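Each remark here refers to the structure printed beneath this line.
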Amino acid sequence: MDDHTLIAEIGLALWGAAWKEPMAAALKQPQSAVSDWAQGRLPVPVDVWKDLREVTRLHRLKLADFDQDLDRRGRDRRQVRRLVQHRAAR
């Protein structure tokens, strides 16, 4: 995968359709640089890849926290449903 394709796919995955501005902010880079990388006009600097890896790692950790919370809430709701069904069956 080309650098410009990869950076665009990462941007879309993390921030959605309007990804360039939040990516630029997260990387502390000008938005024009992000646009140039995405268009293949400039190569993505090695240090930016390192920083972007850290940004994606942090997003992954946040999502993992959400996953745990969602799982817990799903289990709690199932337990409440079972309790209600059990009481209704009496």
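Quick notes
- A simple packing score, the average count of other Cβ atoms within 10 Å per residue, orders the peptides 60-68, 40-48, 17-25 as 17-25, 40-48, 60-68, with the highest score first.
- Virtual paramagnetic centre 7 Å along Cα→Cβ of residue 70, amide N under 13 Å, in the range 1-28: none
- Around residue 32: net Lys/Arg minus Asp/Glu count, Cβ-Cβ under 12 Å: 0
- Local net charge near residue 48, Cβ-Cβ under 13 Å (Lys/Arg +1, Asp/Glu -1): -2
- Gain upon complete extension [residue 1, residue 42; 0.36 nm per residue less C-alpha separation]: 13.2 nm
Coordinate-derived values only; no laboratory data. Everything quoted here is computed from the prediction, not taken from an experiment. Here the Cβ is made from the backbone with ideal geometry for all residues, glycine too, and neighbour counts use every protein chain on show.
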